[in-house]
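Accompanying notes for the structure given below.
Just so it is clear, none of the values below were taken in a lab; they were calculated from the coordinates. As the structure is a computational prediction, the values presented were derived from the model and not from experiment. Here the Cβ positions follow ideal geometry from the backbone for every residue, glycine too, while neighbour counts run over all protein chains shown.
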Amino acid sequence: MEWTPEPHELADLELLLSGAFEPLTGFLGHDDLHAVHERGTLADGTPWPAAVTLHLSAEVSPGDEVTLLDPEGLPLAALTVAAQEPDGLVSGPIKGLGAPEHGPFARLRRTPEQVREELGGRAALAVTMRGPLDDLSEIVATARDLDAVILLLPLAYGEQGPAVVRAALRAQEKLPAGTLVASVPLAPREEPEIDLELREHVATAYGATEHLAGPDPVHIPGPPHRRGLVVFFTGLSGSGKSTIARGLRDVLLELGTRTVTYLDGDLVRHLLSKGLTFSKADRDLNIRRIGFVAAEAARHGGLAICAPIAPYAATREEVREMAESVGADFLLVHVATPLEECERRDRKGLYAKARAGLIPEFTGVSDPYEEPDDADLTIDTTHLPIEAAVSRVLDTLKGGGWIR
Ligand SMILES: Nc1ncnc2c1ncn2[C@@H]1O[C@H](COP(=O)(O)OS(=O)(=O)O)[C@@H](OP(=O)(O)O)[C@H]1O
Ligand SMILES: Nc1ncnc2c1ncn2[C@@H]1O[C@H](COP(=O)(O)OP(=O)(O)O)[C@@H](O)[C@H]1O
């Protein structure tokens with residue numbers, strides 16, 4: 001079978017294949033993980049600080065071969081399953097099928113072996129970096145004391161990856177001639193001590209005789225009016241989502257201070273999600289697609305407005321995570337007009353049809369709507385003029401500093 005691992009798993013896979021995670025040769029299984037958590041070693045006692053795992057939600061059996069793909073479908077490795085835990089974690093040896101040779105600064109992704117060869121047995125001071133180096137003098141002095149070559153290892157992972165490599169190249173220009181740079185896709189670990197220990201292991205694999213950890217990057221988020229924002233309306237059919245969303249879009253366009261992307265419900269169902277039904281799987285896919293486009297707009301500082309029913313809490317949460325993962329904010333507006341009122345309005349005559357059994361799986365009638373408990377704003381439009389509803393959203397945006 002084929003499987004596309006998550007981004008952090010793919011990063012670990014690359015390090016497993018390149019030898020940067022030596023002595024590991026594959027994803028860890030139950031006994032090794034237990035030992036790592038308990039003692040900071042593998043089951044056989046070899047020091048190893050961090051979990052390196054792969055989660056596979058499909059069921060596999062020992063001996064099965066799984067082809068691991070990158071998000072574009074390129075085969076990266078073959079995993080021979082040793083075991084699968086009840087929670088889906090899969091262990092087993094892996095074999096590389098092709099080097100991932102694309103992406104920014106791919107030419108700087110050298111294997112530990114290549115770097116060690118270049119060092120040719122000289123002492124090396126490795127500096128692992130997750131952000132710019134603010135003090136080069138300490139590095140220069142340490143390298144001089146040790147009579148060592150400086151090896152900058154930008155830990156290029158995720159959105160910030162290219163920026164970290166650029167910081168390493170800038171530092172390289174100011175450091176002594178002969179300073180090497182190799183980019184390492186090491187995903188950060190949650191616990192700082194474990195992250196640091198893992199960085200040391202990786203640095204050693206690259207031939208370091210000494211390791212310095214660069215300073216943690218300082219994340220100063222931009223002011224809210226420059227940050228991306230996804231305003232996500234959810235509610236029953238006829239609750240007023242589109243009416244309020246359109247009103248909001250128009251006011252924002254009149255103000256002219258933000259770039260607005262309006263993902264009109266009809267447009268979505270007729271273009272982006274054409275052909276999808278109202279089954280749970282298709283509704284989820286519809287919402288994920290909307291979330292993906294909205295997050296892309298917000299990634300570049302845009303303000304995206306979406307107004308689907310989005311009946312499932314877990315899927316709404318996924319969209320929140322998609323927005324936040326690109327550094328944008330997410331605002332959930334629950335248009336909480338009760339079913340009776342939506343049905344009384346019945347603008348499109350759909351509730352009548354649903355009651356008559358002509359439309360199956362109709363939200364609120366014969367299909368679920370999970371009320372949000374995490375809404376940033378809740379609006380019941382039963383006795384509210386449209387302008388007042390739009391004003392409530394605008395006030396929230398002003399209050400949060402998203403518009404000025
Ligand atoms: N079975 C069923 N259930 C709910 N809604 C239905 C259904 N069939 C068609 N419609 C019409 O489709 C609109 C909802 O589409 P969404 O894309 O917002 O739905 S979802 O978020 O994917 O659940 C919704 O439009 P709005 O009234 O604008 O919400 C309905 O008119
Ligand atoms: N305060 C309000 N906000 C939004 N819509 C309202 C309000 N009061 C009455 N309505 C009416 O309710 C209906 C909502 O329809 P629509 O916006 O298409 O809902 P949805 O997109 O949630 O299906 C419209 O006919 C609209 O005029």
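Placing R0 at 56 angstrom, the Cβ-Cβ distance between ALA141 and THR4 gives a FRET efficiency of 0.80 after rounding to 0.05. Please identify which residues in region 2-23 have an amide N closer than 12 Å to a label point set 7 Å out from the Cα of THR67, following the Cα→Cβ vector. Zone members listed by number: 2-4.
Taking other C-beta atoms within 10 Å as the exposure proxy, MET129, MET322, MET1 rank MET1, MET322, MET129 from fewest upward.
With both residues required to sit in the chain, DSSP beta bridges show an antiparallel share near 30%. The simple spin-label model puts a point 7 Å past each Cα toward its Cβ; for THR209 and ALA83 those points are separated by 4.1 nm.
For the chain, the mean residue ellipticity at 222 nm estimated from helices alone is -11000 deg cm²/dmol, where every DSSP H run of n ≥ 4 contributes -39500 (n - 2.57) and the total is divided by all residues, rounded to the nearest 500. Axis angle, to the nearest 10 degrees, between helix 241-255 and the longest C-alpha principal axis of the chain: 70 degrees.
Over region 106-213, Cα pairs under 8 Å with separation of 6+ residues give a relative contact order of 37 percent. With a cut-off of 20 Å on the backbone N, the residues of region 2-20 near the modelled label site 7 Å out from PHE292 along Cα-Cβ are 2-11. In plain terms, the bigger the Kirkwood radius, the slower the diffusion; for region 229-399, with that radius from Cα pairs, at 25 °C and 0.890 mPa s, Stokes-Einstein puts D at 152 µm²/s. Among the GluC sites (Glu not before Pro) found in region 175-232, those both in a DSSP coil and sparsely packed, with 15 or fewer other Cβ atoms within 10 Å of their Cβ, are GLU190. Using alpha carbons only, the radius of gyration of the chain set against its Kirkwood radius gives Rg/Rh = 1.06. If the Kirkwood radius is taken over C-alpha pairs of region 190-307, then at 37 °C and 0.692 mPa s the Stokes-Einstein diffusion coefficient equals 185 µm²/s.
Helix 136-146 and the longest principal axis of the Cα set of the chain meet at an angle near 30°. Counting only the Cα atoms, region 2-96 fills a convex hull of 88 Å³ per residue. On C-alpha positions alone, give me the angle between the axis of helix 7-18 and the longest principal axis of the chain, in degrees, nearest 10. Relative to the chain, helix 7-18 is tipped by roughly 20 degrees.
The calculated FRET efficiency for the pair PHE278 and ALA43, based on their C-beta separation and a Förster distance of 35 Å, comes to about 0.10. Sorting VAL165, VAL333, VAL251 by the number of Cβ atoms found within 10 Å of their own Cβ, with the fewest placed first, yields VAL251, VAL165, VAL333. Look at LEU303, LEU69, LEU15 and count the other Cβ atoms within 10 Å of each Cβ; fewest to most, that gives LEU69, LEU15, LEU303. Computed from label points 7 Å out along Cα-Cβ, the spacing between ALA356 and GLU173 is 7.2 nm.
With contacts taken as Cα pairs under 8 Å at a separation of at least 6 residues, the chain carries a relative contact order of 13 percent.
Here the simple spin-label model places points 7 Å from the Cα toward Cβ, and for GLU22 and HIS102 these points are separated by 3.1 nm.
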